[in-house]
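Asks: This is the structure, below, for whatever I ask next.
Just so you know, all these numbers are worked out from the coordinates, no wet-lab data involved. As the structure is a computational prediction, the values presented were derived from the model and not from experiment. Note: ideal-geometry Cβ built from the backbone for every residue, glycine included; neighbour counts use all protein chains shown.
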Amino acid sequence: MPARATSIRTVIAERLIGEGVVVLALVAWWLAARGLPEFILPGPLPVGKRLAELFVTPEFLFHMAASAWRVLVAIVVAMLIGGGLAFLAWGVPWLETVVEDRIKPVLNSFPSIGWAILAAIWFDPGDFGVIFVEIAILIPFCLINIAEGLRNIDRELMEMGRSFTRDRARILFRLTLPLLVPYGLSATRIAYGIAWKIALVAELLGAPSGLGYLMLRAQTAADSTTFLATCFAIVLIFVLGERLVIVPLERRFARR
C-alpha cells in the first residue's frame with residue numbers, strides 16, 4: 001500500500017508539473033501578445049477560436065485529408081523499400097557492403113531541403129512530388145531500424161525454426177517478421193513524426209493542397225491567427241494518430 005500511495009503521488013506530481021508548464025506557456029504567450037498587433041502575434045484566445053473553427057470548415061478538412069493521405073502512403077512505401085534493402089543486406093552477403101557503405105550513407109546524409117527542391121524541379125505540383133520527398137527522407141530511418149532488428153535476431157531461434165521446416169516463406173512469416181515487429185513499430189513511430197514535418201516543407205514548395213499549402217496561403221495573407229491555428233491543428237492530428245493507432249499497436253504486441 002505505501003508503494004502504491006507513493007506511485008499515485010508521483011503520477012499526480014508529474015501531471016501537475018506537466019499541466020503547469022502548459023499554463024505558464026499560455027500565460028507568457030498572452031502577456032507577449034498584449035502589446036503586439038494580431039498580424040505579428042495573436043493571443044491564445046483568437047488562435048484557440050480559429051482552431052475550433054478549422055475543424056468544422058470543409059476546406060480545412062480537405063487539406064487535412066490530403067496531407068494525412070500523403071503521410072500514410074509515404075510511411076508504407078518507405079517501410080517497404082527500407083525493409084527490402086535491410087533484408088537484401090541481411091540475406092545476400094555481397095550486397096551488405098553496397099547497402100551499408102554506399103546506399104545508407106547517401107540517403108542518410110542527403111539534405112531534406114535538397115529532396116524538396118529537386119521534387120519541385122522534377123515534378124509538377126501535386127501528390128507525387130510531395131510523396132516522393134517524404135519517401136526519400138524516410139527510407140534511411142526505416143532501413144536503419146529494420147537492419148538493427150535483423151542483426152539482433154536470435155540465431156539459435158532461427159536455427160530451431162529451420163530444423164522444423166526448410167520452407168523459407170514459412171520461416172519468414174512465422175518467425176522472422178514476428179521477431180521484427182518491435183523494430184518495425186519503432187521505425188513507424190519515428191517515420192510518422194518525421195513525415196508530418198517533411199510533408200509541410202514539401203507542400204510549401206510544390207503542392208496545390210495540404211496543410212503546408214494552407215500555411216503558405218495564411219503567411220502570404222499575413223494571417224498569423226490561421227497560421228498558428230494550423231500549426232496547433234497539426235499537433236492535435238499527430239497526437240491523435242499516435243494515441244489511437246501507434247500506441248495501441250505497441251501495447252498489443254508488447255503483451256505477446
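Asks: If you place +1 on the Cβ of every Lys and Arg, -1 on the Cβ of every Asp and Glu, and leave all else neutral, what size is the dipole of the chain about its Cα centre, to the nearest 20 Debye?
Replies: With only Lys, Arg, Asp and Glu charged at Cβ, the dipole is about 920 debye.
Asks: Could you list L118, L236 so that the one with the fewest beta carbons within 10 Å of its beta carbon is first and the one with the most is last?
Replies: Ranked by crowding around the Cβ, least crowded first: L236, L118.
Asks: I'm spelling it out carefully: the read-out is semi-axes √(5λ) of the Cα gyration tensor in Å, the candidates are (i) 40, 28, 15; (ii) 55, 16, 13; (iii) 34, 19, 17, and one was derived from this structure. Which label?
Replies: (i)
Asks: Pairs of Cα atoms under 8 Å, at least six residues apart: use those to get the relative contact order of segment 47-254, whole percent.
Replies: Taking the mean separation of contacting Cα pairs over the length of segment 47-254, I get 30 percent.
Asks: Let me know the longest stretch in the chain that avoids all chymotrypsin sites (Phe, Trp or Tyr not before Pro) found in a DSSP loop with at most 16 other C-beta atoms within 10 Å.
Replies: Counting only loop sites that pass the neighbour cut-off, the longest clear stretch is 124-256.
Asks: Compute the helix-to-body angle for 177-206: its Cα long axis versus the longest principal axis of the chain, expressed 0 to 90° and rounded to tens.
Replies: 40
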